[in-house]
Structures are given as C-alpha cells and as structure tokens.
Amino acid sequence: MNTIYGMPIVQSALAMETTNVPVRVHKQRRCMSATYHRRVQKKWTKRFGYVKQPCIWKVSPRAAGLTGQDYFVVHPSLMPKIKAAMASRSGE
C-alpha cells in the first residue's frame, strides 16, 4: 500500500472538487437584457452544473467519532503524479 508521510493512500473516482465555473456559459448578445441573460445562465447552471476536477482529500475518522488512522483519498488520475513525486523524494 502506498503511503505519504506515514498515512495510507486510497484511490477513489469520487475524489472530485466542484469549481465555480459553469459547464455551459450563456452568451449575452446585444438584443438580450441583462436580466434575461442571468435567468437563462441560472437555468443552465442548474441543469448542467459546474466543472469538476480531480483532487485529494485528507480524511480523519476521529472527526466523526470513529477510531482509526488518518488517510488520503486520491483521484486515480492524480496517482501517477504522486508516485513520481514520491520517487523523486526517495532519490534525494
């Protein structure tokens, strides 16, 4: 099992972070009022959501009243970068 600073790493596809950037952006044209544009953008954001990107979480079971060791939850797409960083640190 991989570890960082003694804490285990768990891979999960659910390790995603929501940004404040909508997936689809409504273009305001000259003939549209600002209120119409905001209303349509709000509906598109509600339907299509925000852009999500992979991230890393640190989970502490003690915060939920459980026992156990802290661990990291990592998105699988970030795992090669973490392994490369760990390899470069072990080579120093």
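Bear in mind these aren't lab numbers, they're just calculated from the coordinates by the rules spelled out. Worth saying up front: this structure is predicted, and the values here are computed from it rather than measured. With ideal geometry, Cβ positions are generated from the backbone for all residues, glycine too; neighbour counts draw on all protein chains shown.
For the chain, a simple Cβ point-charge model (Lys and Arg +1, Asp and Glu -1, everything else neutral) yields a dipole of about 1060 debye relative to the Cα centre. For a straight C-alpha distance cut-off of 18 angstrom, the lysines reachable from K42 (same-chain residues fewer than eight places away being disregarded) are K27, K52.
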